[in-house]
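Below is one structure, written out as structure tokens, with a few remarks after it.
Read-outs: derived from the displayed coordinates by stated rules, not from any lab. Bear in mind the structure is a predicted one, so any value in this text is a computation, not a measurement. Note that we place each Cβ from the backbone using ideal geometry, even for glycine, and neighbour counts take in every protein chain shown.
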Amino acid sequence: MGMTGGLCIASCFADGNNEGLDVTLQANIVENTCQISLSDNGTVHLPIVSRSWFYNNDGTPRLQPDDAASGTLFSVNVESCSGDGATVNTMTFSFQPQNGIWPAESQQVFINETPATAGGAENVGIVIFSSRDNRNVVNNDGSSAVAFDVSKAESYLTSYDFYARYQSTGTVSAGKVTSHVLVDAIYQ
């Protein structure tokens, strides 16, 4: 699973008929953002598992998106924040799919972006949990706000640990799983 900062590139074409074209642009501008990096250059390598890993002996799914279970650890490193001299009480991280797509079955699972035609596993995604409280970083509605109280911390410029694991969203088929996740860090 790769995690990167977001970049959106839009292609523009001139209209030969000189007719007006409507364009909608959307952006967020905030003052209290932070420069972050991710362990292992933003790549989290999950272990190879068999299809049976996803199921109980009776064939029911072994884990739900909210079930905390061990996973592959990674860190979000907060390196600097605008207004570093400011008093910081809370560091909040949000996680969203880079492509903006959630599986139909759950808005808490990051979709597998590798299509079956390219050797991708079907009905498998990724879930991410905070190591602090072992909760899925994404709420049932797809929103995300993982807040850390740093008011008593020596420094909020530190590493924050998370872990990722596979999550079934239906009948699993074997194959590659790739998901790209946007991570934002905001302080208050």
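A compact table of results
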read-out	value
Two-site FRET efficiency, residue 99 against residue 51, from Cβ-Cβ distance with R₀ of 22 Å, rounded to 0.05	0.30
Charge tally in the Cβ shell below 13 Å around residue 119, where Lys, Arg are +1 and Asp, Glu are -1, residue 119 excluded	-1
18 Å reach of a label modelled at residue 158, 7 Å along Cα-to-Cβ, counting backbone N of segment 60-81	74-81
Derived scalar couplings ³J(HN,Hα) [segment 58-72; Karplus, 6.51 cos²θ - 1.76 cosθ + 1.60; whole Hz; x for Gly, Pro]	8, x, 7, x, 6, 10, 9, x, 8, 6, 6, 8, 4, x, 8
Amide H contacts of residue 120 (H built 1.01 Å from N, under 5 Å, at least 5 apart or other chain)	176
Additional length obtainable on full extension of the chain from residue 151 to residue 43, 0.36 nm per residue less Cα span	35.9 nm
Karplus-derived HN-Hα couplings along segment 130-146 (A = 6.51, B = -1.76, C = 1.60, θ = phi - 60°), whole Hz, x at Gly and Pro	7, 5, 5, 10, 6, 10, 4, 6, 10, 6, 4, 8, x, 7, 8, 7, 9
Which of 103, 118, 134, positive extreme of dipole for segment 83-188 (C-beta unit charges)	118
